[in-house]
Every structure is written in structure tokens, then in C-alpha cells.
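I have placed the structure first, in the form of C-alpha cells, so that the comments after it can refer back to it.
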């Protein structure tokens, strides 16, 4: 029986850029909280036109050490 992957593992192993909803669901916070953190520069993100996406590995590094 294998253990369920942790939130960190799920985010870090994502094979694509994540949406704010993906991060919010994983962290159990609102999407608005994720957008505010991205807008103020504390949460690392990628802006593609009007879209905001997140690299799961960078989000995990930020969560674990507060790094950008």
C-alpha cells in the first residue's frame, strides 16, 4: 500500500504550470489570497499576458523557506 503524496510532492511533481486555483486548493486558502501574494511579489509566479501561473517547484521552495 503506497502513501498518499504530500502537498509538497504534488506541487513539485506537476508537469505543467499551475493555476491559482490549484495552489489555493493544495494550501486550503482562497484563490484571492494566492493572487494577492503573487501581486505583491511574495509568491513566485509567471505572467502570461493576463494569466498568472505558478511553477510548483518554486512554490514548494517558497513554502519551505520563504524564498522567491
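Just so it is clear, none of the values below were taken in a lab; they were calculated from the coordinates. Here the structure is a predicted model, which is why all the values come from computation and not from measurement. So basically every Cβ, Gly included, is an ideal-geometry build from the backbone, and we count neighbours across all protein chains shown.
List of remarks:
- The modelled label-to-label distance between residue 39 and residue 16, using points 7 Å beyond Cα along the C-beta direction, is 2.6 nm.
- The convex hull built on the alpha-carbon positions of the chain has an orientation-averaged projected area of 4.8 nm².
- Using C-alpha pairs under 8 Å with a sequence gap of at least 6, the mean separation divided by the residue count of the stretch 7-65 gives a relative contact order of 42 percent.
- Estimated inter-spin distance, residue 53 and residue 7, nm [label 7 Å along Cα→Cβ]: 2.3
- Residue 64 versus residue 31: modelled label distance in nm, points set 7 Å from Cα along the beta carbon direction: 2.9
- Principal-axis tilt of helix 56-65 within the chain, Cα atoms, nearest 10 degrees: 90
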